[in-house]
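Following: one structure in structure tokens, then a few remarks.
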Amino acid sequence: MGSPTLRLLAIHAHPDDEASKGAATLARYAAEGHRVMVLTCTGGERGDILNPAMEKPGVLENLPAIRKEEMARSVAALGVEHRWLGYEDSGLPQGDPLPPLPEGCFALVPPEEAATSVIKVIREFKPHVIITYDENGGYPHPDHLKVHEASMIAWEKAGDPTFAPEAGEPWTPLKLYYTHGFIRQRMQIFHDLLIEEGKPSPYTSMLERYKRNKADIFARVTTQVECAKYFPQREESLRAHATQIDPAGAFFGTPSDVQAKYWPTEEFELAKTRVATTLPEDDLFAGIEEEGVER
């Protein structure tokens, strides 16, 4: 590992995304002395209640405040810093044809405006590494797609002194990764173990979707970070989002110790780099530890 002054920024769309996409990696780097920050772009105000136990009076009416409380518990579990970007959740449109997006939501913010907000955080925090979503948003939620769009502009422009000088002194990040949290091969292993034990599998519907889609995300993975020691923190982070994460769902379908045995890593794709590195990697900071890197 490199100097403990290295910094990592993970950009996410909603509260709970940080828990389901690379959480154990964030916890590992924070525990090892690096500065790690989660940037949450929206408040998740339009999220559905996905845990039946939370379908009770007072929850839906107070969802924005509750999701902020959940987020605070989540980042505390991971031991990382946190910032809200302050935009409004766009919701996930349903129907055919799809309804228009709500006025004022994050997905409708002009790309450079959203990117400038991200750049302000980048110039303040000065991350060496950024984690974001791929061009498909991980899944095609309009806020995830906006996160990708804003992140890519921010990657190009954060170090440009002529772009948004009001957003702070320029800072040039060195590496940008896409997080790939939902790997078919990983789920297949856990599914097969449950079937062999004669237990029901919560992975069945997800695996069916993968079969129809036929895309192999694992083929894009360049970097696998060993982080099994921090799977319990990941689980605590997930449980913190009680309105969004069902304890009977796929996230908890396989105990942490079994996951650690059969799949002890989290997966990322090196999308952009300004430093030399060798693929495949096992460290998001690979290539940055060389002398002369600005701290």
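Would you point out which residue out of TYR230, TYR177 is in a helix (DSSP H, G or I), within 20 Å of the chain's Cα centre (by Cα) and under 21 Å from ALA286 (Cα atoms)?
Answer to the check: TYR230.
Name the single residue that is surrounded by the most Cβ atoms within 10 Å (Cβ to Cβ) among those in the range 188-203 being part of a helix (DSSP H, G or I) and among the charged types (D, E, K, R). Don't jump to the end; show me each part of the working.
Step one: list which residues in the range 188-203 are part of a helix (DSSP H, G or I), which gives 188-196.
Filter once more, so that each one left must be among the charged types (D, E, K, R): 192, 196.
Working: ASP192: 13, GLU196: 8.
Among residues in the range 188-203 that are part of a helix (DSSP H, G or I) and among the charged types (D, E, K, R), the one surrounded by the most Cβ atoms within 10 Å (Cβ to Cβ) is ASP192.
Output yes when any residue across the range 247-264 is in contact with a Gly (Cβ under 8 Å, 6 or more places away or on another chain) and either under 28 Å from GLY44 (Cα atoms) or crowded, with 17+ Cβ neighbours inside 10 Å (or both), and no when none is. If you could, list the steps in order and put the result at the bottom.
Quick first cut of the range 247-264, residues in contact with a Gly (Cβ under 8 Å, 6 or more places away or on another chain) only: none.
Looking for residues that are in contact with a Gly (Cβ under 8 Å, 6 or more places away or on another chain) and either under 28 Å from GLY44 (Cα atoms) or crowded, with 17+ Cβ neighbours inside 10 Å (or both), one finds none in the range 247-264, hence no.
I need every pair where a residue in the range 142-167 that is closer than 11 Å to PRO111 by Cβ has its Cβ under 6 Å from the Cβ of a residue that is at pLDDT below 95 and not β-branched (Val, Ile, Thr), sequence separation at least 6 or different chains.
Once the first residue is closer than 11 Å to PRO111 by Cβ and sits in the range 142-167, its partners that are at pLDDT below 95 and not β-branched (Val, Ile, Thr) give LEU145/GLY137; HIS148/GLY137.
For the range 203-223, how many residues are under 27 Å from PRO247 (Cβ atoms), in contact (Cβ under 8 Å) with a residue 12 or more places away in the chain and polar (S, T, N, Q)?
1
Find the residue count for the range 1-52, including only residues that are small (Gly, Ala, Ser) and outside any loop (DSSP other than H, G, I, E, B). Step through it out loud before you land on a result.
Taking the range 1-52 first, the residues small (Gly, Ala, Ser) are 2-3, 10, 13, 19-20, 22-24, 27, 30-31, 33, 43-44, 47.
Now restrict to residues that are outside any loop (DSSP other than H, G, I, E, B): 10, 19-20, 23-24, 27, 30-31.
Residues meeting the conditions: 8.
Which of the numbered conditions does GLU235 fail, given that it passes all the others? Conditions: (1) part of a loop (DSSP other than H, G, I, E, B); (2) under 21 Å from GLU70 (Cβ atoms); (3) at pLDDT 95 or above; (4) among the charged types (D, E, K, R).
Among (1) part of a loop (DSSP other than H, G, I, E, B); (2) under 21 Å from GLU70 (Cβ atoms); (3) at pLDDT 95 or above; (4) among the charged types (D, E, K, R), GLU235 violates only (1).
The values are calculated or read from the model by the stated rules, or taken from the named source; none is laboratory data. Remember, it's a predicted structure, so these values are computed and weren't measured experimentally. Backbone-built Cβ (ideal geometry, glycine too); neighbour counts: all protein chains shown.
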